[in-house]
Amino acid sequence: MRLALSIVKWLGAIALLVFAAVAAWLRFAPPELIRVGSNYAAKIVCSNVYLANREPEAVLSEDVQAPGHPLLRLMRVEVDASRSVVRAGLFGTMGNGLAVSRGRNGCTVVPDGDMEALGLLAVTPPSDGPSVSTSELWPEGSRVEASQDPAIAAILDSPALMGPGMRAVVIVRDGRIIGERFGPGVLNHDQPLLGWSMTKTVTAAIVGTLVQAGKLSVDQGNLLSQWSGDGRSEITLAHLLGMESGLAFNENYGGVSDVTRMLYLEPDMAAFVASRPLLHRPGEHFSYSSGSTVLASRVWQNVFDDPKAAHEWPYRALFSPLGMSTTVLETDARGTFVGSSSMYASARDWARFGQFLLQDGVWNGRRILPEGWVEWMRTPTEASGGEYGRGVWLHGPRVNDASAQDPDAGFDLPEDTFWLIGHDGQTIAVIPSRRLVVLRMGLTPNRLAYRPQSLVEAVVNAVDAERGTAVE
């Protein structure tokens, strides 16, 4: 009996030691998957608390945990308001997630914990754009006159067309908002919303502003000194924007991959992407890559000798002239804009950007993008098989079956429709032939199988019917 008790005690002691060792390992040297989840949670909570003025627990519950990843359901966050710091971790202690708010610069993930480096990057974006009047009609002002067409009202009142998790729908016709809806949790029409990969289209437009200013060419090679002497020196900005650089990059979001490592484990995202090997000759293979767009951001920023001037450029050259006053384009911990996926703006400001593309890069009579630039953006590359241009898709989002040949099959959409598409249900459809922009944003994971094509189709049909009636 004594021997049995002694064995039980020893086994208990060993189990306790093992548990303590595992707990210490998870606390001080957590696996990369836990670190990715922790930094993701910290970043999403930080941006939504400090840019969108939301409550941290609501953001954690609705934006981080609700989509369903089991690891994220175990995350806990702590907001240090005195330092504008958000920490997150598995059970609150494992993972060392850290994000820092820098005011108008947005939030930045700090995976290496080097807070001192961030102090060198704090830049106040200029706010010298046109003032937005409350009395003038959008986009010059904030006043909206809704369409009196009952078909438009019926679309906006349809749960099926709005889709699960809808946060904002804005319909723009002939340059005016004719209808909009905001979902639960959106405090007002000025609340910034994350566009995810719609940011890639904005990056393509920022490059266009530099081409217009004579500071950049999309066809030049030798973009980075470390690529000198190897095949990567043939990569151009056009290749990066068209997702045909040939660089190895895994865009799988299911675990620790190139894209999740870049976004949540690398303080210098562009350096990480630049180190990737070349798998294909530039221009010959299409591979959707957030890394390519981050690298494009680094390349255009390198045009400026002064980092401060580079950080101010998107605001001076694009956001301020368009009146996109709610817009924040965030950077990584070394100052590179996360041009792949990290721009926040109100739904109305995202719609302004869509209207800007519809107008071929002209705003209030001023040409901001080179003539033909938007046409170039929406011209499909050969390597993509007709699916992708430079920063824009030529079809709506795929749902569940990524191998589907035509995501728009079964929908009657105008042939000239092109799309901005972002993670979890962010879309803008731009239709020049109908002078329409249809924005739909939300928290709508792919597994919910929502198709924004149905919303766009309904809006097109309603507009066509109304115009037909007017003609008659």
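None of the figures in this text is laboratory data; all of them are computed from the coordinates on show. Keep in mind that what you see is a predicted model, and the values were worked out from it rather than measured. Ideal geometry is used to build each Cβ from the backbone, glycine not excepted, and the neighbour counts take in all protein chains shown.
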Sequence-distant residues sharing a close amide H with M75 (under 5 Å, placed H)
F91
Neighbours of G97 by Cβ distance under 11 Å: Lys/Arg at +1, Asp/Glu at -1, summed charge +3
Phi-derived 3J(HN,Hα) across the range 426-432 with the Karplus relation (6.51, -1.76, 1.60, θ = phi - 60°), rounded Hz, x for Gly and Pro, is 9, 8, 10, 9, 10, 10, x
q = 0.10, 0.17 Å⁻¹, the range 87-246: log10 I(q)/I(0) [Debye, one scatterer per Cα]:
-0.70, -1.25
Report Rg (one decimal) and Dmax (nearest whole number) for the range 32-119, counting Cα atoms only, units Å.
11.8, 35
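Which value, in nm² and rounded to one decimal, describes the direction-averaged projected area of the C-alpha convex hull of the range 376-464?
Details: hull surface 22.9 nm².
About 5.7 nm², averaged over all directions.
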Just the projected area, averaged over all directions, of the convex hull on the alpha carbon atoms of the chain: how many nm²?
27.1 nm²
In degrees rounded to 10, the 0-90 angle between helix 452-471 Cα long axis and the longest Cα principal axis of the chain is 10 degrees
Quick one: how many lysine pairs does the chain have with C-alpha atoms less than 22 Å apart and a gap of 8 or more or different chains? Give me the count, please.
4
Crossing angle, helix 2-28 versus the chain [Cα axis fit, 0-90 degrees, rounded to tens]
40 degrees
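For the range 364-407, which GluC sites (Glu not before Pro) are both in a DSSP coil and crowded by at most 14 other Cβ atoms within 10 Å? Walk me through the intermediate numbers first.
Values: sites: E371, E375, E382, E387; in loops: E371, E382, E387.
Answer by residue number: E371, E382.
Note the full-extension length gain between T379 and A309 as 0.36 nm times their separation in residues minus their Cα-Cα distance, in nm to one decimal. Could the numbers behind the result be given before it?
Working: separation 70, 0.36 × 70 = 25.20 nm, distance 3.11 nm.
Extra length from T379 to A309 when fully extended: 22.1 nm.
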Applying the Karplus parametrisation 6.51 cos²θ - 1.76 cosθ + 1.60 with θ = phi - 60° to the phi angles of the range 336-350, what ³J(HN,Hα) value in whole Hz is obtained for each residue in order, glycine and proline being reported as x?
7, 4, 7, x, 8, 6, 10, 10, 10, 7, 5, 4, 5, 6, 4
Which Cα, out of T331, G396, G175, lies furthest along the positive dipole direction of the chain (beta carbon charges, K/R +1, D/E -1)?
T331
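Sorted by packing (mean other beta-carbon atoms within 10 Å per residue), highest first, where do 445-454, 212-221 land?
Values: 445-454: 18.1, 212-221: 13.4.
Descending packing order for the listed peptides: 445-454, 212-221.
What area, in nm² and to one decimal, does the C-alpha convex hull of the range 202-307 cast on average over all directions?
Details: hull surface 27.2 nm².
One quarter of the hull surface, i.e. the mean projection, equals 6.8 nm².
How much length is gained on full extension from D80 to A58, taking 0.36 nm per residue of separation minus their Cα-Cα distance?
Details: separation 22, 0.36 × 22 = 7.92 nm, distance 1.64 nm.
Between D80 and A58, full extension yields an extra 6.3 nm.
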Under a crude label model (7 Å from the Cα following the beta-carbon direction), how far is A465 from E371 in nanometres?
4.1 nm
Quick calc, T134 & S158: beta-carbon distance into FRET formula, R0 30 Å, rounding 0.05, result 0.50
